[in-house]
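The values are calculated or read from the model by the stated rules, or taken from the named source; none is laboratory data. Note that this is a predicted model, so its numbers are computed, not measured. Every residue, glycine as well, gets a Cβ built from its backbone with ideal geometry; the counts of neighbours run over all protein chains shown. In case anyone asks, the SASA skips ligands and DNA or RNA and just uses the protein heavy atoms, side chains included. Shrake-Rupley method; radii C 1.70, N 1.55, O 1.52, S 1.80 Å.
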Amino acid sequence: MYWKLRIPLLLLVFGVTAGFCQKYPTLFLANVSNFVASAVYIGLVAVIILILERTGINEKKVHFLFAILLICVGYLFDSWMA
């Protein structure tokens, strides 16, 4: 069984960016309000997803175990960095 990479990559991007934003909040913007930090996070995720869509990586089909592995890596990275 094969899956498109759209959903697994989306969850991987959410996990990795959330992990970095939680561990290193000053990496993106220093001393800003929570509203601005949230907007920067949403913008960062949107740009990454847009890049993945434009390059066509999301349309590739992979074995479902690899897709599950990508989802687990995103979750574990977020858990590890928190």
Quiz prompt | Dipole magnitude (debye, nearest 20) for the chain, charges at Cβ of Lys, Arg, Asp, Glu | solution = 200
Exercise. For Lys4, list the aspartates and glutamates whose Cα falls under 17 Å from its own Cα; do not include residues on the same chain fewer than 8 positions away.
Key: Glu53, Glu59
Quiz prompt | Near-label residues of the stretch 40-82 by backbone N, under 19 Å of a point 7 Å along Cα→Cβ of Gln22 | solution = 40-46, 70-82
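Calculated from DSSP H runs of 4 or more alone, at -39500 (n - 2.57) each and per residue, what is the 222 nm mean residue ellipticity of the chain, nearest 500?
-24000 deg cm²/dmol, from helical runs alone.
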Quiz item: Which of rounded, prolate, oblate describes the chain, given a ≥ b ≥ c as roots of the alpha-carbon gyration tensor eigenvalues and a/c under 1.5 marking rounded, otherwise prolate only if a/b is larger than b/c?
Solution: oblate
Practice problem: Please work out the average accessible area per residue across the chain, using the 1.4 Å probe convention, and give it in Å². | Solution: 70
Self-check item: On Cα atoms only, tilt of 64-81 relative to the major axis of the chain in degrees
Solution: 20
Exercise. Give the carbon-plus-sulfur fraction of the accessible surface of the chain in %, rounded to a whole number; probe 1.4 Å, heavy atoms of protein chains only.
Key: 72
